[in-house]
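Participant: My structure is below; once you've seen it, I'll send some questions.
No value in this document is a laboratory result; all are computed from the given coordinates. Keep in mind that this is a model prediction, so the values were computed, not measured. Note that each Cβ is placed from the backbone with ideal geometry, even for glycine, and that neighbours are counted across all protein chains shown.
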Amino acid sequence: MAGRRRTTALIGDDNTVVVAGKRLTWRTLRKLPQLPSPAAVLVDNGADALAALRHHAVHGTELLVATESRVDERMREELGESGFAIVLPDGAVTLPRLKRVEESGRAWLLTSGSTGRPKRIGHTLESLTTVTADQPPRTWLLPYSPGTYAWWQVVTLSLTQADQGLVVIEPHELEDWPKIATEHGVTAASGTPTFWRQAIYRDADALAGVPLEQITLGGEPVDQAILDQLREIFPTTRISWIYASSEVGASIVVHDGKAGFPRTWLDRDPHPERPVLSVDGDELVIRSPHHGAGQIGAVHTGDRIEYDGDRVLITGRLDTDEINVGGSKVSAGVVRNVLMGHPGVSWARVFARKAPLVGRMVAAEVVPNRSLGPITDADLVQWCSTRLPDYGVPRRIKFLDQIPQKETLKSDV
Amino acid sequence: MGEVMTAQGRALPAEDTADLREIGFRSLDFSELALRVEDELGDELNFDAPGLRRIATVGDVLDFIEQLQSA
């Protein structure tokens, strides 16, 4: 049985870290000057973000790390008023407007802010280190934007466990990551469904050449179609999906290759290492041992669920997932899953459009799978008509040339 | 309107007086038609502008769409 540790010692300090094609280790990353604490370190590359994290781990400082582009002027002012020195990529430091005592060892994350402005969630290296069982030796791809919860998940794994190398992918390298991953022997990769879909869409053969033993999906609703497509390309690879957020941490991990999680996981007896999952109305509620500061107890996640036989599907955000078409309600996530199930569709987004008589109508944007020949909106309407009620069929479908992707590797589906 | 009907596997009758219920042109079809017009014009339409009134025939639909475009 694998050993379980509760330590954030820098056991991985000599793990390989590949940045901009250079093979380094955590220990040999560029040394940053002594950082102030509390500090918001704004970076323009992955290597500096890792260096800031290691500095935090060694010195126990209070740290927020994020890409420069993610923290606008207003947020920088707010951080300064909350006691953070702002450290820019060139090393310039803006001192805080409020002086306060640091919270030693506190790591701050910015939530994705999909419902408004990003907010800060407090963690510690320990609360962010959720993989504690010993892992087989692996080299992990790191495509995530520095400072996001998913980024912390991968980097804490590499820093606190032996033989967990990292290959950092910068935003400008995202289109070619399979080539870089193959070159550096990446055996494990975590990304959003959008990230995986793009990789398949761009060059499935290049993706198939990456010697992946572990594929992880998270950050967005995970549909059966993307799991099946990855399984076809990687027949023997372990494919997992994770439900995680800054607020509740990594709370659901599914390895059986199916979308959703077993219904039997709801309302299980409390266990110190395992989150308790429940449903309130149609909202997922989680009580998690990996929660952020102040998120103790049952957290209403804002994510909407639907039951599908013995599975619980997470269909999307509660405030945007449900579309009311003339009094009949349909889940955008469910419609999207149907569209994504069409072999000619590489990506889809489903949303409501204002319409006369019925108030809202279901509409969609679709990126077709170029390798399977042309499809028309009529094909897709026909496909959906046999799988959805009338009011759930997207009547207006717009075709896009490429899969949209944000810095967070998500596409706002 | 013909495109919406065709997409549903039906044909648009020639007479403006044709009853929508009889030809199976439902609320969803009407709404789709409005969105098609919106897409054609490349501009958001004010669906509240024409006001509430009975839309029972093919001619009523066409009048409504015309009103939308000029609103």
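Participant: Please name whichever of A:290, A:279, A:265 sits farthest to the positive end of the charge dipole of the protein assembly as shown, dipole taken about the Cα centre and charges placed at Cβ: Lys and Arg +1, Asp and Glu -1.
Facilitator: A:290
Participant: Let me ask something additional. With the crude spin-label approximation of a point 7 Å out along Cα→Cβ, what separation in nm comes out for residue A:274 versus residue A:22?
Facilitator: Taking the simple label geometry, residue A:274 and residue A:22 are separated by 4.6 nm.
Participant: Now, a different point. What are the equivalent ellipsoid semi-axes of chain B, built from the alpha-carbon gyration tensor (square roots of five times its eigenvalues), in whole angstrom, biggest first?
Facilitator: Largest first, chain B gives 20, 14, 10 Å.
Participant: Nearest 10 degrees is fine. How inclined is helix A:149-160 to the longest principal axis of chain A, computing both from alpha carbons?
Facilitator: On a 0 to 90 degree scale, this one is about 40.
Participant: Say each of residue A:34 and residue A:134 gets a label point 7 Å from the Cα, pointing the same way as Cα to Cβ; how far apart are those two points in nm?
Facilitator: 3.9 nm
Participant: Straight-line reach only, C-alpha to C-alpha below 20 angstrom: list the lysines that residue A:398 could link to, leaving out same-chain residues fewer than 8 apart.
Facilitator: Within reach: A:354, A:406, A:410.
Participant: Now for a separate question. When the convex hull of the Cα atoms of chain A is projected onto a plane and the area is averaged over all directions, what value comes out in nm²?
Facilitator: The number I arrive at for chain A is 20.7 nm².
Participant: Something else now. Starting from the Cα of residue A:398, step 7 Å along the direction of its Cβ; do the same at residue A:204; then give the gap between the two resulting points in nm.
Facilitator: 2.7 nm
Participant: Choose one of A:342, A:104, A:49: the residue whose Cα lies farthest towards the positive end of the charge dipole of the protein assembly as shown (beta-carbon charges +1 Lys, Arg; -1 Asp, Glu; about the Cα centre).
Facilitator: The residue sitting farthest along the positive end of the dipole is A:104.
Participant: Right, next: Who wins for biggest fluctuation among A:371, A:288, A:278 in a Gaussian network model of chain A, springs between alpha carbons below 10 Å?
Facilitator: A:371
Participant: As I understand it, the value is the acute angle between the Cα axis of helix B:27-41 and the longest principal axis of the Cα atoms of chain B; what does it come to in degrees, rounded to 10?
Facilitator: Its long axis makes an angle of about 50 degrees.
Participant: Considering only DSSP beta bridges with both partners in the stretch A:34-127, what is the antiparallel share in %, to the nearest 5?
Facilitator: Once the DSSP bridges in the stretch A:34-127 are tallied, antiparallel ones form about 40 percent.
Participant: Among A:25, A:386, A:139, which one moves the most in a GNM of chain A with springs linking Cα atoms closer than 10 Å?
Facilitator: A:386
Participant: On to the next question. Per residue, what volume in Å³ does the convex hull of the Cα atoms of the stretch A:46-98 enclose?
Facilitator: Each residue corresponds to 78 Å³ of Cα convex hull volume.
Participant: Over the stretch A:1-133, what portion of Cα pair distances is larger than 25 Å, expressed as a whole percent?
Facilitator: Counting every Cα pair in the stretch A:1-133, those more than 25 Å apart make up 28 percent.
Participant: What does the stretch A:326-399 give for Rg and for Dmax, in Å, if only its C-alpha atoms count?
Facilitator: Values for the stretch A:326-399 (Cα only, Rg and Dmax): 11.8, 39 Å.
Participant: Additional query: Once you charge only the Cβ atoms, +1 for Lys and Arg and -1 for Asp and Glu, what is the size of the charge dipole of the protein assembly as shown about its Cα centre, to the nearest 20 debye?
Facilitator: So the magnitude is around 1580 debye.
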